[in-house]
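Computed from the coordinates by the stated procedures, all read-outs in this text should not be read as laboratory data. On a predicted model such as this, the values are computed, not experimentally measured, just so you know. Ideal geometry is used to build each Cβ from the backbone, glycine not excepted, and the neighbour counts take in all protein chains shown.
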């Protein structure tokens, strides 16, 4: 099966590794590289005869729309499109491409590994056959696929990013240091990662994208992004991928 993946770190590399390990012919693009390839036309040969396109951009709805439209313009009209439904609903993402019946939303959170779980969400436009294809594809990667309702964040990202957002607010208010907040959650609640170090791994821009999507969808204060989270992203402190977030990385 031929797969093209376009999006942001660390999502593209981790999903790409699963695809390669499963034996799929996989091409990976970062968003900026894909946009450059589109402008130069060099993405055309690699996108021809694609069976599955995976879009993994979670930071900006506008940039996500541009990426999906570009992907749809290069791949076959009947190719399955899997879109990360973290910052937007699947229904909104499907509205940006021709033949939206082939669009299926999904949710994953790094770190990914074989035997993990992926959430599947249908848009109002999604065909039943596309859902069946999506489930079969994720199962081919060693993932357990479960159906959930459509909406930004789905289940895990919504829950985890809300937890991260609250931890960022606690840090901003001087409740405790980043290290102590993470230690309290790992030792006190047996979380696999502290919320702030988890934010650094996922990417603070992704966390902000999820919270912004939730806030735009529901308009409730509980989803309002922390001012410190916004400032970190504006400063380019995105976590591991930038070398600096709530912690510093070499």
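Between the Cα long axis of helix 156-172 and the first principal axis of the chain there is an angle of about 30°, rounded to the nearest 10. Please report, to two decimal places, log10 I(q)/I(0) for the chain at q = 0.08 Å⁻¹ as given by the Debye formula with identical point scatterers on the Cα atoms and no solvent. Log-scaled intensity ratios, in q order: -0.30.
Given a cut-off of under 8 Å on Cα pairs at least six residues apart, what relative contact order in percent is computed for region 2-147? Intermediate values should be presented prior to the final figure.
Numbers: 275 pairs, mean separation 30.1, N = 146.
Reported as a whole number, the value is 21 percent.
Under the criterion of Cα pairs below 8 Å and six or more residues apart, the relative contact order for region 156-234 equals 36 percent. Take every pair of alpha-carbon atoms less than 8 Å apart whose residues are at least six positions apart; their mean separation over the length of the chain yields a relative contact order of 16 percent.
Above 13 Å, the calculated P(r) of region 191-237 contains 57 percent of its Cα-Cα pairs.
The helix-based estimate of mean residue ellipticity at 222 nm for the chain, built from -39,500 (n - 2.57) per DSSP H run of four or more residues and divided by its residue count, is -14000 deg cm²/dmol to the nearest 500. Cα-based radius of gyration for region 2-147, normalised by 2.2 N^0.38 Å, reads 0.93.
What number does region 108-250 give for Rg over Rh if you use C-alpha atoms and the Kirkwood radius? Present the calculation step by step, with values, prior to reporting the outcome.
Numbers: Rg = 16.5 Å, Rh = 16.3 Å.
Reported Rg/Rh, Kirkwood definition of Rh: 1.01.
Starting from the Cα-Cα distance between residue 234 and residue 132, subtract it from 0.36 nm times their residue separation and give me the gain in nm to one decimal.
Values: separation 102, 0.36 × 102 = 36.72 nm, distance 3.99 nm.
That works out to 32.7 nm of additional length.
Against the longest alpha carbon principal axis of the chain, how many degrees, from 0 to 90 and to the nearest 10, is the axis of helix 11-21 turned? Roughly 50 degrees between the two axes. When the alpha carbon gyration tensor of region 105-149 is reduced to an equivalent ellipsoid, the three semi-axes, largest first, read 19, 12, 7 Å. In plain terms, the residue of 197, 32 with the fewest other Cβ atoms within 10 Å comes first and the most crowded comes last, giving 32, 197. With both labels modelled 7 Å from their Cα along Cα-to-Cβ, the residue 191 to residue 39 distance reads 3.9 nm.
Comparing region 61-110 with the 2.2 N^0.38 Å rule of thumb, its C-alpha radius of gyration ratio is 1.05 (two decimals). Go from 0 up to the bin containing the longest alpha carbon distance in region 156-234, width 5 Å each, and give me the % of pairs per bin. Percent of pairs per bin, in order: 3, 17, 29, 26, 17, 7, 1.
Each pair of Cα atoms in region 76-173 enters the Kirkwood radius, and Stokes-Einstein at 37 °C and 0.692 mPa s then converts it into a translational diffusion coefficient of 234 µm²/s. Each of 218, 198 has some number of other Cβ atoms within 10 Å of its Cβ, and from fewest to most they run 218, 198. Once the Cα atoms are used to define both axes, helix 178-189 deviates from the longest principal axis of the chain by about 80 degrees.
Arrange 33, 221, 205, 78 by Cβ neighbour counts within 10 Å, fewest through most, would you? Provide the component values of the computation, followed by the final result.
Working: 33 14, 221 7, 205 22, 78 10.
If I rank by nearby Cβ atoms, fewest first, I get 221, 78, 33, 205.
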